[in-house]
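**Student:** Input: one structure, supplied below.
The values are calculated or read from the model by the stated rules, or taken from the named source; none is laboratory data. From a predicted model like this one, the values you see are computed outputs, not experimental measurements. Every residue, glycine among them, receives a Cβ derived from its backbone with ideal geometry; neighbour counts consider all protein chains shown. We work out accessible area using only protein heavy atoms, side chains counted, and drop any ligands, DNA or RNA first. Shrake-Rupley method; radii C 1.70, N 1.55, O 1.52, S 1.80 Å.
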Amino acid sequence: MIIQRVVLNSRPGKNGVPVAENFRLEQSTIPDTVQEGQVRVKTLYLSVDPYMRCGMNEDTGSDYLQPWQLSEVADGGGVGVVEESKHHNLAKGDFVTSFTWPWQTAAILNGDLLQKLVPQLVNGRLSYFLGAAGITGLTALLGIREKGHVAVGANQTMVVSGAAGACGSLAGQIGRLEGCSRVVGIAGTDEKCSILVQEMGFDAAINYKKGDVAKQLRELCPGGVDVYFDNVGGHISDTVISQMNQNSHIILCGQISQYNKDVPYPPPLPPDIEKIQKEKNITRERFLVLNYMDKQEESVLQLCQWIQEGKLKVRETVVEGLANIGAAFQSMMNGGNIGKQIVSVSK
């Protein structure tokens, strides 16, 4: 069977900025027959995420993430439909997902590694299982619950960097749902800031490319910062940490400003900021959602309930066609999208 797939064409280098040309679309084939325990799936949606930048290096710097190999197919979160099955728990027509879905139009996969989906949980929006009701939503929810120490009635202020991105846009809303009394986002355009406040219920948002971020934070968070959902690292995070309260908490979700630099993860703080962190007893622990997958089922059901009730607003940037996944990746890494970056492969 003839398919199309996207392979890693070249590496940007540890300190390089990824471009669309780092990927290559090519024609390939998959077997015509399915073996026992396998299913043939048609790909519907693929997820494009910042963590994938690490996979473009020969060494990802992570013990849980394997590097993509040159001229080999890339992979990530995906959703598809079963077209043929020889697996006892999956039938033709079932919708399924995997965290290691190959970037190709169709594939033969081990059925044991697939999770069956219930479209009704997300009002039929299957792509949500890659975002708000998938690993992105789980990262936001479990990050806040496991590392944020949010308590109803505690009058806590949360700041979210990268707040218009896939995880940040959910984290701010979830922080409010979990009990924060004030939520402030940091994003890179006036449009993003407007969406955060008007659509997603943030109390305020700061365009870090305009004005004095430290001054705006002091004005918008007069009682200081109790919880910081950190997606970006770098100067923005240093500024936020400088205004955090005693015994406050950093949810170390991502460090996208550092992904094109050859530094360890999590990147060390500058000495003056590290001093503040220690003096104020601010927790800053690495958070990996995969360590909490025993809570996946109940957490996904919570996310789906909020989506159905309209309490969790979802934004997606959808790019049509597998051929455009490299451009989608480049745009996402440049901060050009709002919400989750999704590639629609076939319908």
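**Student:** Is the shape of segment 7-165 rounded, prolate or oblate, going by the alpha carbon gyration tensor and its root eigenvalues a ≥ b ≥ c, with a/c under 1.5 for rounded and a/b larger than b/c for prolate? Could the numbers behind the result be given before it?
**Tutor:** Numbers: a/c = 2.39, a/b = 1.24, b/c = 1.94.
Judged from the Cα gyration tensor, segment 7-165 comes out oblate (a/c at least 1.5, b/c at or above a/b).
**Student:** With a probe of 1.4 Å, find how much accessible area segment 92-206 has per residue, and write the answer as a whole number in Å².
**Tutor:** Details: 3980 Å² over 115 residues.
Computed with neighbouring chains in place, this is 35 Å² per residue.
**Student:** Which one of Ile282, Val183, Gln35 has its Cα pushed farthest toward the positive end of the charge dipole of the chain, where Lys and Arg give +1 and Asp and Glu give -1 at the Cβ?
**Tutor:** Val183
**Student:** Follow-up question, since we're still on this one. Just to confirm my numbers, what's the Cα centroid distance between segment 199-256 and segment 281-347 in Å?
**Tutor:** 21
**Student:** Can I ask one more? Could you work out the Rg to Rh ratio of segment 63-133, with Rh taken as the Kirkwood radius (inverse of the mean 1/r over all Cα pairs)?
**Tutor:** The Rg/Rh ratio comes out at 0.99.
**Student:** Might you report the magnitude of the Cβ-based charge dipole of the chain about its Cα centre, with Lys and Arg at +1 and Asp and Glu at -1, to the nearest 20 debye? Mind showing how you got there, number by number?
**Tutor:** Details: 32 positive and 36 negative charges, 110 e Å.
Its charge dipole is roughly 540 debye.
**Student:** While we're looking at this one, here's another question. Which value, in debye to the nearest 20, gives the size of the charge dipole of segment 169-294 about its Cα centre, when Lys and Arg are +1 and Asp and Glu are -1 at the Cβ?
**Tutor:** Using only the charged Cβ atoms, the result is roughly 180 debye.
**Student:** Using square roots of five times the C-alpha gyration tensor eigenvalues, list the equivalent-ellipsoid semi-axes of segment 120-205 in whole Å, biggest first.
**Tutor:** Semi-axes from the Cα gyration tensor: 20, 17, 11 Å.
**Student:** How much mean residue ellipticity at 222 nm does the chain get from its helices, if each DSSP H run of length 4 or more adds -39500 (n - 2.57) and you divide by all residues, to the nearest 500 deg cm²/dmol?
**Tutor:** Computed mean residue ellipticity for the chain: -6500 deg cm²/dmol.
**Student:** Could you work out how much longer the chain between Glu320 and Lys92 gets when fully extended? Use 0.36 nm per residue separation minus the Cα distance between them, nm to one decimal. Show your work: numbers first, answer last.
**Tutor:** Details: separation 228, 0.36 × 228 = 82.08 nm, distance 2.48 nm.
Contour length minus the Cα-Cα distance gives 79.6 nm.
**Student:** Listed highest first by mean packing, meaning other Cβ atoms within 10 Å per residue, what order do 205-214, 63-72 come in?
**Tutor:** 205-214, 63-72
**Student:** I want to check the label-to-label distance for Lys311 and Asn123. Put each point 7 Å from Cα in the C-beta direction and report it in nm to one decimal.
**Tutor:** 1.6
**Student:** Going by a ≥ b ≥ c, the root eigenvalues of the Cα gyration tensor, does segment 156-302 fall in the rounded group (a/c under 1.5), the prolate group (a/b larger than b/c) or the oblate group?
**Tutor:** Numbers: a/c = 1.32, a/b = 1.03, b/c = 1.27.
Because its axes are fairly even, with a/c under 1.5, segment 156-302 counts as rounded.
**Student:** Considering only protein heavy atoms and a probe of 1.4 Å, how much of the accessible area of the chain is carbon and sulfur, as a whole percent?
**Tutor:** 47
**Student:** While we're here: Mind checking which helices in the chain clear 15 Å along their axis (Cα) and have mean Kyte-Doolittle hydropathy of -1.0 or more, DSSP H runs only?
**Tutor:** Result, helices passing both filters: 166-178, 296-308.
**Student:** Then there is this: Please give the Cα centre distance for segment 9-88 versus segment 103-150, rounded to the nearest Å.
**Tutor:** Value for the Cα centre distance between the two parts: 17 Å.
**Student:** Need one value: the accessible area of Thr33 in square angstrom, 1.4 angstrom probe, rounded to the nearest 10.
**Tutor:** Its accessible surface works out to 80 Å², give or take rounding.
**Student:** Got a sec? Charge dipole of the chain, +1 on Cβ for Lys and Arg, -1 for Asp and Glu; which of Ser248, Met200, Gly131 is way out at the positive end?
**Tutor:** Going by the Cα projections, it comes out as Met200.
**Student:** Please name whichever of Pro12, Leu141, Ala91 sits farthest to the positive end of the charge dipole of the chain, dipole taken about the Cα centre and charges placed at Cβ: Lys and Arg +1, Asp and Glu -1.
**Tutor:** My answer, from the dipole projection, is Leu141.
**Student:** Could you give the alpha-carbon Rg of segment 214-257 over 2.2 N^0.38 Å, rounded to two decimals? Don't jump to the answer; show the numbers that get you there.
**Tutor:** Numbers: Rg = 10.1 Å, N = 44, 2.2 N^0.38 = 9.3 Å.
In units of the globular-protein estimate, segment 214-257 measures up at 1.09.
**Student:** Ok, one more. From Cα pairs below 8 angstrom and at least 6 apart in sequence, can you work out the relative contact order of the chain, rounded to a whole percent? Show your work: numbers first, answer last.
**Tutor:** On the way: 772 pairs, mean separation 67.7, N = 347.
Result for the chain is 20 percent.
**Student:** Say the cut-off is 25 Å between C-alpha atoms; which of Lys92/Lys295; Lys42/Lys311; Lys295/Lys340; Lys215/Lys278; Lys147/Lys340 go over it?
**Tutor:** In this structure, Lys92/Lys295; Lys42/Lys311 lie more than 25 Å apart at Cα.
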